[in-house]
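Here is the structure we will look at.
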Amino acid sequence: MSEAVPTMRRILLIVGGGIAAYKSLELVRLLKKAGHETRAILTGAGAEFVTPLSLAALTGHPVRQGLFHPDDETTMGHIELSRWADLVVVAPATAGLIAKAANGMADDLASTTLLATDKRVLLAPAMNVRMWLHPAVQANVERLKGFDGLHGVAVVGPDDGEMACGEYGPGRMAEPAAILEAIEGLLAGAAGRPLTGRRAVVTAGPTFEPIDPVRGLTNRSSGKQGYAIAAALAELGAEVTLVTGPTALSIPTGVTGVAVEAAVQMQAAVRDALPADIAVLSAAVADWRVDGVASGKIKKGPGGPPTLALIENPDILAGVAAPGPMRPKLVIGFAAETSDLEANARAKLSRKGCDWIVGNDVSDDVFGSDGNTVMLVTRDGAETWPRQSKTAIARRLATRIAEHLAD
């Protein structure tokens, strides 16, 4: 089995300014419930949204606020805090805190501690959608991710959703449960990246099967779950190739992306990514394609809608799971169902010849959302995972994969 995360680890939480700061209180509660010790730094802007007393009551420790406080600086508080922690978490991470960390600025306790720490840092960004999408913010985030070794910063979120300002889009801070999952993933990685040396291929998103140069057959998959799985496997040390259909998502840091459109292209890209130890085929591959794509746009005519002759697309999952020298050690498929989840998932497990099936209940608001409800079905049984973020599901699945391959 892979090495377990120690029962108690020390988390230094930096709370930035923003309405999402209230979620930091729930995060502290979850960390305590998980057996971790937390101390907090509260920025001046953060104190406009949550009180030092609230954080102190939940952490059980005094809350640090100022860089120049006699009691703190007799022991060089920012140095002491940065050395005390096993992991530094910034939640919410504002555009200002991100910019300071990316550019080595240190003019308050929070930014000085970030510059002084020799531990991993996890950012949970929270800001207006237009701020998050601004090229300067994106460049700062990518710069932080790209720093070498322990100075490389991990990021969880942000999620899509309605903002306090009334706008909608990416920028909402990840939910506390998802941040906890990210924390535990990083702590596990600090204890040893169990998938180091392993190769993985992941498929994600829909396929698009052209009818003519304008139209095509596709589905509503956003690709979010597959992208999250690719990122989670990479965090545990795997060398990951993500074969993706058309999506609006960015390839996760540390993952090699291969963009395709149609199912036959996805099949070829997966074949090129082998051999691999792990295959997680979460893409929603179209079952059929048109037998003969029109060279020009099909026009309306007096005869009514055209009749389309459909043929079956290749079965990528069954092909990867088939016995042979290129078969990965662990092949995982997905089953998107609207009813009889376990029965349909188990039938697919047997029919495709894979090792595990992640049954995916799509009867609710799964497509395009950040949450999911799944059932992991193996030949030994089935277990239902309650609705949680797709990031949390991905991390849980990646951990299970690492444990299975370590047996």
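Worth pointing out:
- Of all residues in the range 196-211, those being farther than 16 Å from Val331 by Cα and at pLDDT 95 or above number 7.
- Residue in the range 320-334 that is surrounded by fewer than 16 Cβ atoms within 10 Å (Cβ to Cβ), aliphatic (A, V, I, L, M) and without any contact (Cβ under 8 Å) to a residue 24 or more places away in the chain present: no
- When Gln265 is tested against (1) part of a loop (DSSP other than H, G, I, E, B); (2) out of contact with any helix residue (DSSP H, G or I) (no Cβ under 8 Å at 6 or more places or on another chain), only condition (1) is not met.
- Val366 fulfils the conditions (1) closer than 27 Å to Leu187 by Cβ; (2) among the hydrophobic types (A, V, I, L, M, F, W, C); (3) surrounded by 15 or more Cβ atoms within 10 Å (Cβ to Cβ); (4) at pLDDT below 90 except for a single criterion, (1).
- Checked against (1) under 17 Å from Val202 (Cβ atoms); (2) touching a strand residue (DSSP E or B) at 6+ places or on another chain (Cβ under 8 Å), Met326 passes all but a single condition, namely (2).
- Hey, Leu249 more than 24 Å from Arg396 (Cα to Cα), part of a loop (DSSP other than H, G, I, E, B) and either touching a residue at least 60 places away in the same chain (Cβ under 8 Å) or outside the structural domain of Ala178 (by TED's automatic domain parsing) (or both) or not: no
- Per-region count, the range 101-125, residues assigned to a strand (DSSP E or B) and either surrounded by fewer than 24 Cβ atoms within 10 Å (Cβ to Cβ) or not small (Gly, Ala, Ser) (or both): 4
- Number of positions in the range 127-141 that are under 21 Å from Val15 (Cα atoms) and in a helix (DSSP H, G or I): 7
Yes/no matrix, rows are residues, columns are (1) at pLDDT 90 or above; (2) more than 23 Å from the chain's Cα centre (by Cα):
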| position | (1), (2) |
| --- | --- |
| Leu13 | yes, no |
| Tyr22 | yes, no |
| Val28 | yes, no |
| Arg39 | yes, yes |
| Pro52 | yes, yes |
| Ala56 | yes, yes |
| His61 | yes, yes |
| Gln65 | no, yes |
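- Members of the range 279-298 that are without any contact (Cβ under 8 Å) to a residue 24 or more places away in the chain and of a type outside the set (D, E, K, R): Gly292
- Which numbered condition Leu144 misses (of (1) of a type in the set (A, V, I, L, M); (2) crowded, with 20+ Cβ neighbours inside 10 Å; (3) modelled with pLDDT of 90 or more; (4) touching a Gly at 6+ places or on another chain (Cβ under 9 Å)): (3)
- Condition check for Asn219 on (1) outside any helix (DSSP H, G or I); (2) in contact with a strand residue (DSSP E or B) (Cβ under 6 Å, 6 or more places away or on another chain); (3) over 30 Å from Pro306 (Cα atoms); (4) touching a residue at least 40 places away in the same chain (Cβ under 8 Å): one failure, at (3).
- Unique residue being of a type in the set (S, T, N, Q), closer than 17 Å to Glu235 by Cβ and either crowded, with 19+ Cβ neighbours inside 10 Å or not assigned by TED's automatic domain parsing to the domain that holds Tyr168 (or both) when the list is Thr399, Thr373: Thr399
- Within the range 36-53, tally of residues that are more than 24 Å from Glu184 (Cβ to Cβ), polar (S, T, N, Q) and either in a strand (DSSP E or B) or free of Cβ contacts under 8 Å to residues at least 40 places away in the same chain (or both): 1
The values are calculated or read from the model by the stated rules, or taken from the named source; none is laboratory data. These numbers come from a predicted model, not from an experiment. FYI the Cβ positions are ideal-geometry reconstructions off the backbone, even for glycines, and counts take in every protein chain you see.
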